[in-house]
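*Asks:* Encoded as structure tokens, here's the structure I'll be asking about.
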């Protein structure tokens, strides 16, 4: 997937296609991190961990609230 740099104010930016947003699991106003690869030859774009932690908090709350239902569904 090729992305073109565009002038945005005094900066340069890219427009991420819907498919990339879906794969990253992000939506408008999400925070992304540009993390250096271990080999030092590039970067990886990933979703900010705070969002993951919030998702996990919500999931854990749902699991607690519906523990018996989930237990029955697992049978």
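The values are calculated or read from the model by the stated rules, or taken from the named source; none is laboratory data. On a predicted model such as this, the values are computed, not experimentally measured, just so you know. Methodologically, a virtual Cβ is constructed for each residue, glycine included, from the backbone with ideal geometry; neighbour enumeration extends over all protein chains shown.
*Asks:* Looking at (1) assigned to a helix (DSSP H, G or I); (2) within 20 Å of the chain's Cα centre (by Cα), can you tell me which one residue 30 breaks?
*Replies:* The failed condition is (1).
*Asks:* Any chance the range 1-13 includes a residue that's part of a loop (DSSP other than H, G, I, E, B), at pLDDT below 85 and under 8 Å from the mean Cα position of the chain (by Cα)?
*Replies:* No: the range 1-13 contains no residue that is part of a loop (DSSP other than H, G, I, E, B), at pLDDT below 85 and under 8 Å from the mean Cα position of the chain (by Cα).
*Asks:* From (1) surrounded by 10 or more Cβ atoms within 10 Å (Cβ to Cβ); (2) touching a strand residue (DSSP E or B) at 6+ places or on another chain (Cβ under 9 Å), pick out the condition that doesn't hold for residue 42.
*Replies:* So residue 42 meets the others, but not (1).
*Asks:* Among the residues of the range 42-75, count how many are touching a helix residue (DSSP H, G or I) at 6+ places or on another chain (Cβ under 8 Å) and over 22 Å from residue 1 (Cα atoms).
*Replies:* 2
*Asks:* With the condition kept exactly as written, say whether any residue in the range 5-17 is surrounded by 10 or more Cβ atoms within 10 Å (Cβ to Cβ) and touching a residue at least 24 places away in the same chain (Cβ under 8 Å).
*Replies:* No, every residue in the range 5-17 fails to be surrounded by 10 or more Cβ atoms within 10 Å (Cβ to Cβ) and touching a residue at least 24 places away in the same chain (Cβ under 8 Å).
*Asks:* Are there any pairs with C-beta distances below 8 angstrom linking a residue in the range 51-75 that is at negative phi and part of a helix (DSSP H, G or I) to a residue that is loosely packed, with under 11 Cβ neighbours inside 10 Å and modelled with pLDDT under 90, with the two at least 6 apart or on different chains, and if so which?
*Replies:* Matching pairs, first to second residue: 51/31.
*Asks:* Moving on to the next point. Of the numbered conditions (1) in contact with a helix residue (DSSP H, G or I) (Cβ under 9 Å, 6 or more places away or on another chain); (2) outside any helix (DSSP H, G or I), residue 39 fails exactly one; give the number of that condition.
*Replies:* Unmet condition: (1).
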